[in-house]
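Have a look at the structure below before the remarks.
The values are calculated or read from the model by the stated rules, or taken from the named source; none is laboratory data. The model shown is predicted, which means the values in this text are computed figures rather than measured ones. FYI the Cβ positions are ideal-geometry reconstructions off the backbone, even for glycines, and counts take in every protein chain you see. With ligands, DNA and RNA removed, areas are computed over all heavy atoms of the protein, side chains included. Shrake-Rupley method; radii C 1.70, N 1.55, O 1.52, S 1.80 Å.
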Amino acid sequence: METREKGLSLIEVLVALVILTVGLVGVFNLHIISKRGSFESFQQTQASYYANDIVNRMRLNPGQLANYVGNYSGTPTIPTPACTGVALCTPAQTATWDLYEWRAAFIGQAETVGTQNVGGLDTPTGCITINGNTVSVVMSWRGIRSTSDSGKLPDCGSSSDRRRVYSIQTVII
């Protein structure tokens, strides 16, 4: 009489678990990489928004273009007078207020947890140059992963292997 055992042996179960574990580790690594890529993409979208924001503010105040020129980083100080609500400001005061609101936005001053800014870009610098009617706005920030910073990028922010740069150029008449 022959007896045949039915079922799985312990070795077959262990091999199946090893294969399953290797597959799950791959899926988790893929998830981490996609989250990093998503965050990098979000940061670039934010930089684009901030660059376009200051360009639009400059278009509303074209007589003061020279007052917008500069390299901006760090926490801005609130100018006086505050050009909000029904306050009447001169065009020069409006330019100062525009720069304050722009800088506060790109450092994430409106979004905080405790005393730490959690919105905006990571270690941002905004640079504005004007040549005639041509306006260049460059946003520079620190990304998550290292890349090559060849030095051919616009001179805005500190050079680093994690530096990211977004640049926009337009004409304001």
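Just checking, which of 17, 8 is open to solvent by 70 Å² or more (accessible area, probe 1.4 Å), modelled with pLDDT of 90 or more and more than 30 Å from residue 122 (Cβ to Cβ)?
So the residue among 17, 8 that is open to solvent by 70 Å² or more (accessible area, probe 1.4 Å), modelled with pLDDT of 90 or more and more than 30 Å from residue 122 (Cβ to Cβ) is 17.
For region 120-153, enumerate the residues that are open to solvent by 50 Å² or more (accessible area, probe 1.4 Å) and in contact with a strand residue (DSSP E or B) (Cβ under 7 Å, 6 or more places away or on another chain).
The answer is 122, 123, 129, 133, 142, 153.
Kindly provide the set of residues from region 60-95 that are of a type outside the set (A, V, I, L, M), modelled with pLDDT of 95 or more and under 23 Å from the mean Cα position of the chain (by Cα), ordered by number.
68, 70, 71, 72
Just need a number here: residues in region 115-166 that are touching a Lys or Arg at 6+ places or on another chain (Cβ under 9 Å), without any contact (Cβ under 8 Å) to a residue 24 or more places away in the chain and among the aliphatic types (A, V, I, L, M).
The total comes to 1.
What are the residues in region 53-96 that are touching a residue at least 60 places away in the same chain (Cβ under 8 Å), under 21 Å from residue 121 (Cβ atoms) and surrounded by 16 or more Cβ atoms within 10 Å (Cβ to Cβ), if any?
Within region 53-96, 54, 55, 58, 68, 73 qualify.
Could you list all residues from region 20-74 that are aromatic (Phe, Trp, Tyr) and in contact with a Lys or Arg (Cβ under 9 Å, 6 or more places away or on another chain)?
Correct list: 68, 72.
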